[in-house]
Amino acid sequence: MLRNSRTRWGALSQLLHWLTAALIAAQIALGLIGTSLPLGMSKLATLARHKSLGITILGLVIIRLAWRTANPTPALPTNLKRYERALARATHAGLYALLIALPLTGWIMSSARGFPVSWFNLVQLPNLVGRSDALYHVMVSVHVTLAVTLCVILGLHIAAAIKHHFVLKDDTLRRMLPGTRPAPAAQKE
């Protein structure tokens, strides 16, 4: 089923979720590799890919948010405490905010340094700001801080999915996995 239901994420939501997850993993690797390379063509090519994937993630997040507003959101498990529900909502909101802020801060950082941002050399994006070394250095700090924050929140997100699946034994993870069915206990409800 393409659309979400009240109990399960639809195929499009699942695709966007797992595609974004894979791109985030690639972004972390490219960011770490790119910043550790000496200045040269290899570094510039790696960071160009990093920028292109960042713009891709920004586009996917915008699509995800639009799709999310047009579809029901599966309800949180009923066995969650009030603070766990609040933490789940805050974590998801934080992930969306970071997945918008990180590409934008990277884009501003590149613009402030005078480096072009293109999407896979197919589309040249406009500079968001003029050249400014001071702004560039601030954006480097902001971008790195947001990236570390994203890694922490992703860790919480993954830990929660594992807890739901192996400890609470509910369908939280299963309903985001393609080709899975509800657990036998959940089928009886």
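Observations on the structure shown:
- In segment 1-136, a dipole from Cβ-located charges (positive for Lys and Arg, negative for Asp and Glu) runs towards its positive end, and of G114, L23, Y96 it is Y96 whose Cα lies farthest in that direction.
- Short-range pairs are left out: with C-alpha atoms under 8 Å and at least six residues apart, the relative contact order of the chain is 21 percent.
- Distance between segment 89-127 and segment 62-77 - C-alpha centres, whole angstrom: 23 Å
- Solvent-accessible surface of the chain, taken per residue with a 1.4 Å probe and all protein chains present: 60 Å².
- Taking a span of 15 Å or more along the helix axis (Cα atoms) and a mean Kyte-Doolittle hydropathy of at least 1.6 as the rule, the DSSP H helices of the chain that qualify are 133-162.
- Charges were assigned to the Cβ only: +1 to each Lys and Arg, -1 to each Asp and Glu. The resulting dipole of the chain about its Cα centre is roughly 520 debye.
- Number of Lys pairs (Cα under 26 Å; 8 or more positions apart or on different chains) in the chain: 6
- Amide H partners (placed H, <5 Å) of V117, local residues excluded: L125
- Ligands, DNA and RNA left out, the accessible area of segment 76-189 computed with a 1.4 Å probe is 68% carbon and sulfur.
- If you take the Cα centroid of segment 1-61 and the Cα centroid of segment 151-171, the two points sit 21 Å apart.
- With at most 15 neighbouring Cβ atoms within 10 Å, loop trypsin sites (Lys or Arg not before Pro) (DSSP) excluded, longest segment of the chain: 7-80
- Less than 5 angstrom separates the built amide H of G10 from those of N4, S5, all sequence-distant by 5 or more or on a different chain.
- Top of A93, A134, A26 by mean-square fluctuation, Gaussian network on the chain, Cα under 10 Å: A134
The values are calculated or read from the model by the stated rules, or taken from the named source; none is laboratory data. What you are looking at is a predicted structure, and each value in this text was computed from that prediction instead of being measured. Methodologically, a virtual Cβ is constructed for each residue, glycine included, from the backbone with ideal geometry; neighbour enumeration extends over all protein chains shown. The protein model used for the area step is the full one, side chains on, heavy atoms only, and it has no ligands, DNA or RNA in it. Shrake-Rupley method; radii C 1.70, N 1.55, O 1.52, S 1.80 Å.
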